[in-house]
Amino acid sequence: MARILLIVSAAGHLRLADGTDHPTGYWAEEVAESHRVLTEAGHHVDIATPDGRRPSADPISLDGAGAKYRAYLESLAGLATPLKLADVGVDGYDALYLPGGHAPMTDLAVDPALGRLLTAADDAGKVVAALCHGAAGLLSARRADGTFTFAGRAMTSFSDEEERQGGLGEKSPYFVESRLREEGAAVTPGAAWSSTVVVDRNLVTGQNPQSSVDTAVRVARILATGSIS
């Protein structure tokens, strides 16, 4: 059994390009499906937020088809009483996993404790996984010389095309795909709204909510076999 730290944004809003605040949170499907797949595979999952505060789901992610995730999320004790990210070390975990929703663009992207964890995990060859806007959290990771920890690495994220088609569009304070590319990542998104997972050594990234299950399955497989194939 592997131990996985699910790192969830606790931000409740995102400051838009026009200066207004947009209500947000974690994306229900991404947290619920990732947790379900990983635990059903026999792995132990802890949940942490930047300040140890209980996170909230993006209200939109619980509308319509997303309503089916409400009961599952309410059953997770780890969401009600998450660990504080600054109090966590990588030694006790085999993988770090960052689900999305727009919220990570607010806090995870600039959290120094997360940046230290991600860099230490990558240096140790532990699995680092990011899903959708959760890839914004990777931006927090810097080496001693200030360079981006994941520069040159192949990855995907919620794409600029998807942000324009079904996200915040030009109101977004930044586009995750473009920002990662500016930092030196080799971002290769698939077709908009396709289930796309990119694996580069220990780094596993999924593109969007449609990629939730496939991303978690890939992480579970790597942890079970020790191989990226």
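The values are calculated or read from the model by the stated rules, or taken from the named source; none is laboratory data. Note that the structure is predicted; figures quoted are calculated from it, not measured. Glycine also receives a Cβ, built like all others from the backbone with ideal geometry; neighbour counts cover every protein chain displayed. Calculation scope for accessible area: heavy atoms of the full protein, side chains included, ligands and nucleic acids excluded. Shrake-Rupley method; radii C 1.70, N 1.55, O 1.52, S 1.80 Å.
In region 210-217, is there at least one residue being open to solvent by 20 Å² or more (accessible area, probe 1.4 Å), touching a strand residue (DSSP E or B) at 6+ places or on another chain (Cβ under 8 Å) and either of a type in the set (S, T, Y) or at pLDDT 95 or above (or both)?
yes
Read through the list (1) in contact with a helix residue (DSSP H, G or I) (Cβ under 7 Å, 6 or more places away or on another chain); (2) within 24 Å of I4 (Cα to Cα), then give the number of the only condition that S172 fails.
(2)
Looking at region 115-138, is at least one residue open to solvent by 20 Å² or more (accessible area, probe 1.4 Å), without any contact (Cβ under 8 Å) to a residue 40 or more places away in the chain, closer than 20 Å to L85 by Cα and of a type in the set (A, V, I, L, M)?
Yes, that holds for at least one residue.
Is there a residue in region 165-181 that is among the basic types (K, R) and either under 19 Å from E29 (Cβ atoms) or touching a Leu at 6+ places or on another chain (Cβ under 6 Å) (or both)?
yes
I'd like the residue in region 1-12 that is of a type in the set (V, I, T) and in a strand (DSSP E or B) and, out of all such residues, is nearest to K68 (Cα to Cα).
Here the answer is I7.
Given region 98-186, what helices (runs of 4 or more DSSP H) lie entirely inside it while holding 3 or more residues that are farther than 23 Å from S61 by Cβ and not hydroxyl-bearing (S, T, Y)?
So the answer is 112-123.
Looking at T215, T205, which one is within 23 Å of S9 (Cβ to Cβ) and part of a strand (DSSP E or B)?
T205
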